[in-house]
Amino acid sequence: MEKHNLPFTLKEFYIENFQGIKSLHIKELPPNANWIFLTGENGYGKTSILRGITIGLNGPKDLNDSDKLLWSKEEITKIELAINHRNKNNGDTKVRWVYKDNKVKYSTIPLAAYGPIRIPIDNVSSNNFKSNIKSLFTTEPDLLYPIEEDLKDLYNERLSKEKGAINDYYKIIISDMVNNNFKINLNEILSKFKDNDLIYSYISKVNIQLKEEVLKDPIDKISDPDDFQNYLNNYSYPDDKFELISKFLVELMDNILEIKVDNKNLIFIEKNDPKTPKKSNQLASGNRMLLSWVGDMLYRLGIDRISKPKDVEGIVIIDELDLHLHPKWQFRLPKILSKYLPNVQFIASTHSPLPLIDAPENSVFLKVNRSIENGITLDRWDNKIEINKLLPNSILTSPLFDLDNISSTQTHISEISTEDEFEEAIYNKVLKRKIQELNKQIND
């Protein structure tokens, strides 16, 4: 199945004389790749490559942090980078050089880059969130934007809109019910709100559902004011920004059932303890990290100016994607991020095979190598092996991870279970014991 081209994707980059890179050139990267993964051993240069790509996308100075130079002045560094850029008007994709000949030639790419330390830090001012890329170039923890306040604002904004619509709509519909012996023409009621765009939009969305769900039943079921008020209060529509973002975060944080606002606090309902709502600072560290990091990412890519996450565009760079995450989350993360942010390209390093297994179609896999003679180099493997058809043990022993052996050195090879699933291994172990017991009985 052919996949659409993204608005901005890496096309080609050249890095020379930069943090262990002597000369590195990668080209012909596809315009429809949601993910580019970098694998390689510790100290082999994954971070150096991510930093070089970030400079190519951003320029040599962090313009949001006092024009700080992002490489050592002693290095005679050369970086060139081109992107695939999809035209919004006609959908055509063209190659555009972003940084070449020591000049920024195109500077409107939404960009966020993250180092490996993404633990949320409490009680930090919003003034500290100037740089979109700084943490990739330091060993300091990321200062992650606290999206909790924005979510509360979105919730309250929705609430005030709904209350206004509910109150006006309630007055008119009850009046019409009384004056017309409960024979309601919803289209006539709707026409009364045409001068109020906000309420008209809201009523338009509930109109169909009212017809289908309410008017089929006896009308006296909604003649009671409290019943009708409760009906509209419980109505939600799919384009609400709070609902879209909270749904994204709930799917991301697997053990969270619901996010809502209660008594001006953003609270989280957990699947394994639904009767004990928690604030964000009471969540487990993995959930806190995901909430803060993804919230920060949405903020950096301009969610405050965009109505839906799926319309967010840009490139996100992540060093050590798998850090702080349970294997189940490592496996799920790439696909969920691309489900809700289909117009964002992610470029990430990882030490785990799990993010690669279920990665979105057309993902790119790059292996980082290093030698005294050649410095840091890259090999591309997505065009050589079908990663999505391999199990973790096969990926670990593939050239992407270079493990010669993944079995215990303390166990004889004849005792190793080779089944693909744990349940099958247990079943075979029990079966083997039963056979041994049966053989013993026969021999006795």
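Results, tabulated for the structure shown:
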item	result
Protection proxy ranking, peptides 91-98, 270-277, average beta carbon neighbours within 10 Å, highest first	91-98, 270-277
Of K27/K134; K68/K308; K27/K68; K103/K247; K22/K389, those spanning more than 31 Å from alpha-carbon to alpha-carbon	K68/K308; K103/K247; K22/K389
Dipole in debye (nearest 20) - segment 296-379, about Cα centre, beta carbon charges: Lys, Arg +1; Asp, Glu -1	300
Cα-projected label distance for S23 with K271, points at 7 Å along beta-carbon direction, nm	5.3
Segment K308-R96, length gained on full extension (0.36 nm per residue, minus Cα span)	73.6 nm
Global geometry of segment 298-363, whether rounded, prolate or oblate, following the gyration tensor of its Cα atoms and the 1.5 cut on a/c	prolate
Dipole of segment 1-104, positive end: most advanced residue of L69, L57, P30 [Cβ charges, Cα centre]	P30
Trypsin sites (Lys or Arg not before Pro) restricted to segment 360-403 and DSSP loop, no more than 16 other C-beta within 10 Å	K384
Other-chain or far-sequence residues with amide H under 5 Å of K68's (modelled H)	D62
Sorted by Cβ neighbour density within 10 Å, fewest at the top, the residues S349, S280	S280, S349
Linear extension gain, N393 paired with I442, 0.36 nm per residue minus alpha-carbon span	13.7 nm
Long-range amide H partners of N369 with built H, under 5 Å	T377, L378, D379
Most positive-pole-ward Cα, S352, P334, L366, against dipole of segment 243-385 from beta carbon charges	P334
Other-chain or far-sequence residues with amide H under 5 Å of G314's (modelled H)	F8, Q345
Exposure proxy ranking, count of Cβ atoms within 10 Å, fewest first, for T397, T138, T350	T138, T397, T350
Overall Cα dimensions of segment 254-312 - principal axes, largest extent first, Å	35, 25, 18
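Each value in this text was obtained by applying a stated rule to the coordinates, not by laboratory testing. The structure presented is a predicted model; accordingly, all values stated were derived computationally and were not measured. Every residue, glycine among them, receives a Cβ derived from its backbone with ideal geometry; neighbour counts consider all protein chains shown.
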